[in-house]
Structure formats: structure tokens, C-alpha cells
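Reading through the C-alpha cells given below for one structure.
The values are calculated or read from the model by the stated rules, or taken from the named source; none is laboratory data. The structure presented is a predicted model; accordingly, all values stated were derived computationally and were not measured. Heads up, the Cβs are rebuilt from the backbone with ideal geometry, glycines too, and the neighbour counts pull from every protein chain shown. These area figures cover heavy atoms from the full protein model, side chains too; ligands, DNA and RNA do not enter into them. Shrake-Rupley method; radii C 1.70, N 1.55, O 1.52, S 1.80 Å.
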Amino acid sequence: ATSPDSDGATTPARPLGGSGRAERAAPKTGGAGASGSQPWGWGGGARNLRREPFGAGTSSSRGMRRSHTDGAAHEGAHQLGVAAPIGYGAAAGNSFRGVLSEPAHASRSAALKEALRQKKLEKDRWARQGLGSTSPAPRPPAGGLRVIARCRPPSPSPEGRADAPGGHSACSNAGARAFDGSTIEVRSTIAAIAGVSGQRFPMDQAFGEAAATVEVFGSIRDVVRTAGSGGSVAVVAYGPSGSGKTHTMYGSIADQGLVPRAAAELIGAAPPGQQVRLSMLELHNESLHDLLAPRGQPAVPLEVRGGVGGNMATIEGAREVPGTSLVALLSALRSGLSRRQVAATKTNLTSSRSHVIVVFRVGAGQLMMVDLAGMERVKRSGVEGAHLREAQSINRSLTSLGDVVDALRRGAAHVPVRNSRLARVMSGALGGGAETAVVVCLPPGGDKCDEALAALTFAERVRRIPSASRARRHE
């Protein structure tokens, strides 16, 4: 059998899969035409014929080794869903050096491989938690349980932290950000260096760094109005230490928080002849304290009632202050906040050392607004002594809350609401006893990605609580 060469001549065709004599008979100095018609992918310039990978050059074994590296980079970019970096070509050869230097090529390849490894580890972690790889679609803004995310903008912090302007963050594009109005993207420093996208979490609503608190309040205004019409509702701020929860809930003079805005909304919506009553409590080291109790008087024992069977919890013994006007309510709120336990740590100059629960009542309606203390990493915050015990108590209570959320999500017959007082207070709000909005606050900076991912994983669990859990038995 013969096959035509490029110049029209014919040469004997080497049989498919042939070797030995057929290969030794081929001239050593020719190209494809000299060696005969070869199967696809065979190079003709090498002395010893061998199969080369797709896209590899045919000049030397060095070119083949380079093509292996380029193929791995292309494969990594394909799996991450991004375009291959500049300089990763099929026929890289010696021309590759003119586009990207060897050190840059090695750095980019290592970053891609590390990003792939982290993505696989994250997927495995989600699988172990039973969350899978998909998230529920965003729900309509009215009714049920909703999760809202807010990204805190960078601000000056102690000891030149990386989230401060001009800090030592490895990449300004790393960290948590609002990808769109219903998606949060968390991008690690390594992923940002490699130029790949981060992990995305669908939310019911997402607010970026530039969003004002009035925009966040617009997403929960209907929840507050439900309390004014006689319903039971709750608003919860969750996030790591230093993520802006207290600012979101109470704000400042220039940017009022959710709590004072809710007070104004209830005052305006209250029926004639009905007053808005306010109570304010602190859960510190598993002990409840009334922040509105008169100073110098013996403390009144406080007990949590309800919170089981899907019902909203109430706190007996708490002092209620009647709000004859918005000024009176705001004055009582400021007085209560001045008595809250606060301390300075390495990560937050005004770190909350307790959970604060604010309850508004309008007739039969009830609005519970909870500012949770943040999960704290002791190695990062550097707390000692009494503050260390506070951090341990906060972490235990938030872990028990996570156990309640996980039990509700799985549809467990037993929900461990008695593991902590915080779990007892919050179980009714999350288990169907109220219309609830969870505001997840996220810190900026690539060095806080692990904390942002932990907060968003909690948010993902909350979003997966089925509506059937409202009628489930609690113990």
C-alpha cells in the first residue's frame, strides 16, 4: 500500500500500530513525508518515534515536557471555568519565554494548582456537612425566613490590620463582596492571584460595601410592619467579630441602624391609643441581665419561656419601658447600650462580649431584634483572663445555635434547644414561630476569608430550613 507525500510522490505507508522494522526503515532526516503516513499525534522529527500528548511540539523531548506543563495549566483553567493565562499555548516551545518569564510561569501554575486544591477541599467540606453543591433559589421578599448579607467596607483597625486602608492585604481583590443583588462571592488571596473566580453563595438579598443601612432596612421593612399589625417577627444580626453587626443594628448619628429605624416605623404604625413598649436584655456568660433596670436596685431573676414547639420565646421578669415618643425610645436604647459589656481586642476596639436582645411590643405584636456577639478566634483576638472566658462562652452559645439550625435543616425529631439560653431564645424564631430575617455581616479583606466562609455556611444552613419545620416537635 502507498500514500501520497506533500510533493505528490508516494511512499510505503507504515501499518497502523506497526513498529520495529517499519520504524527502522524510515529515513531519520525526513519529516512526516519521509517517515510515511503516521497515525494522528505521532511526531516525525524524533529519532525514537513515540506518542506525544495533544498539542505538544515535535522538535525535542524538552518541548514535550513543556507541553505537559502547558496542558496541565489549560486543564486547571478549564476546570475553574476561566481562560488560560497569557503565554499558555499549545506550541509553547522557546517562544514561551518571550511572553511570560519562567518564574512568573511557575508562580501562576502553582497558584492555579492551589486554587484547584482549595476548591476541591471546599466541595468536600460542604459534602460532609450535607449541604451538597446547590443552594435554594432566592425567595420573594415577603414572608417566611429570609437571609440577607451585608459586606462591611474596610476601615482603620488596630495594629495596621489588613482590612484597613493601606494595610498589608496580599491582594485588594480578595475577600467577600456582593457579586450582584442576590449573590455573595468570597475570593481567597490565592484565587485572586491566580485570576480565578471565588465561591459564590446565593442569598435572598446581598448588599455591598457601598450600601447604606437605610437600604438594608428597606429589605426588612415589611417584617417590622408585621409586628405592628399583631404578628411575631424577629431580626437577627450574625457574623464574625468585627464584621459590623452592632453598626448595622444601632448605627451612628449619620447612619441610623436597624433598631432605631424599626422603632420609628413602629411608632408611626401603632394604632391610636397603643404604645410601643421596649425591653432590652443582655446574655453574658449564659446569664441574662436587664439593661433597662434601674441602677442600684437588686437584679430581678429572668427566665426564658417558650421557644419549644415552634413558638416564639419570651423572657419573664424583663422591665418594659413605654415609648410615648420616638425620642423616649431612642433615649432608652442609648441608656441600655451604655451598659453593654464591651472590650478591646487585637481585632476589634469595641468587641461585644455578650448577645443583646431588644424586644418591641405593640399590642399583641412582638418584634425581637438580636445582635449576636461574633464567633471569636482566640489566637487572632489575643484575649486573656475574663475576656477569654467570655470568648469561650460566646463560641459555645453560637455552636449550640448552629446545632439547632442543623437539626431544623435535617428535619430531626429532636431539636436541642436546651443546650444554651441563646438556642432557647432563637429556636422559635428560626423554627417557624415567627417571620424572621437573618442579616449576615461579612468582614473585608483576604485574610478574613475563612471567617466569611464560616458565616456564609451558617447562612446556607438557615436558608435550607424547610417550612415543614414549623410544626415539628421541639424538646
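Check His355: other-chain or 5+ apart residues with amide H under 5 Å from its amide H, H built from backbone geometry?
Under 5 Å from the amide H of His355: Leu283, Ala373.
From Cα pairs below 8 angstrom and at least 6 apart in sequence, can you work out the relative contact order of region 310-364, rounded to a whole percent?
17 percent
Determine ³J(HN,Hα), in whole Hz, for all residues of region 413-420 in sequence, where each value follows from phi through the Karplus function 6.51 cos²θ - 1.76 cosθ + 1.60 and θ = phi - 60°; x replaces Gly and Pro.
Per residue, the Karplus-derived 3J(HN,Hα) values read 5, 10, 10, x, 7, 9, 6, 7 Hz.
Multiplying the sequence separation of Glu316 and Ala110 by 0.36 nm and subtracting their Cα-Cα distance, what value in nm do you get?
68.3 nm is the gain from fully extending Glu316 to Ala110.
Using only alpha carbon pairs under 8 Å that are at least six residues apart, calculate the relative contact order of region 168-274 and give it in whole percent.
In percent, rounded to a whole number, it is 19.
Assuming R0 = 51 Å, what is the FRET efficiency of Arg200 and Ser338, from their Cβ-Cβ distance, to the nearest 0.05?
With a Förster radius of 51 Å, E is 0.80.
Could you tell me the center-to-center distance, by alpha carbons, between region 236-273 and region 364-380 in angstrom?
Between the Cα centre of region 236-273 and that of region 364-380, the gap is 13 Å.
Mind putting together the pair-distance distribution for region 229-289? All Cα pairs, 10 Å bins, whole percent per bin, short to long.
For region 229-289, the pair-distance distribution reads 16, 42, 33, 8, 0.
Can you pull the percent of region 319-460's accessible area that's carbon plus sulfur, 1.4 Å probe, other chains left in place?
Exposed carbon and sulfur together represent 51 percent of the surface.
Leaving out ligands and nucleic acids, and using a 1.4 Å probe, what accessible area per residue does region 202-339 come to in Å²?
Using a 1.4 Å probe on heavy atoms only, each residue of region 202-339 averages 43 Å².
Would you pull out the residues with amide H under 5 Å of Val276's amide H, same chain only if 5 or more places away, H placed 1.01 Å from N?
Correct list: Gly323.
In a Debye calculation with equal point scatterers on the alpha-carbon sites of region 317-451 and no solvent, what is log10 I(q)/I(0) at q = 0.17, 0.19 Å⁻¹?
-1.13, -1.28
How high is the relative contact order of region 263-388, given as a whole-number percent (alpha carbon pairs under 8 Å, six or more residues apart)?
The normalised contact order for region 263-388 reaches 28 percent.
Using DSSP to call loops (not H, G, I, E or B), can you name the GluC sites (Glu not before Pro) in region 303-389 whose Cβ has at most 11 other Cβ atoms within 10 angstrom?
Glu384
Compute the length gained on full extension between Asp450 and Gln392: take 0.36 nm times their separation in residues and subtract their Cα-Cα distance, giving the result in nm to one decimal.
Taking 0.36 nm per residue and subtracting the Cα distance, the gain is 19.0 nm.
How far is it, in nm, from the label point at Val327 to the one at Ser252 when both lie 7 Å from their Cα along the line to the Cβ?
With each label placed 7 Å out from Cα toward Cβ, I get 2.5 nm.
Skipping prolines and chain starts, which residues have an amide H placed within reach, meaning under 5 Å, of the one on Ile315, given they are 5 or more residues away or on another chain?
Those lying under 5 Å, H to H, from Ile315 are Arg305.
Hey, rough spin-label estimate for Arg295 and Asn419, points 7 angstrom out along Cα→Cβ, what's it come to in nanometres?
Here the answer is 3.9 nm between the modelled labels.
Can you pull the percent of region 221-265's accessible area that's carbon plus sulfur, 1.4 Å probe, other chains left in place?
About 52 percent, which is the carbon plus sulfur part of the accessible surface.
Taking 0.36 nm per residue of separation and subtracting the Cα-Cα distance, what length does fully extending Asn285 through Ser182 add?
33.5 nm
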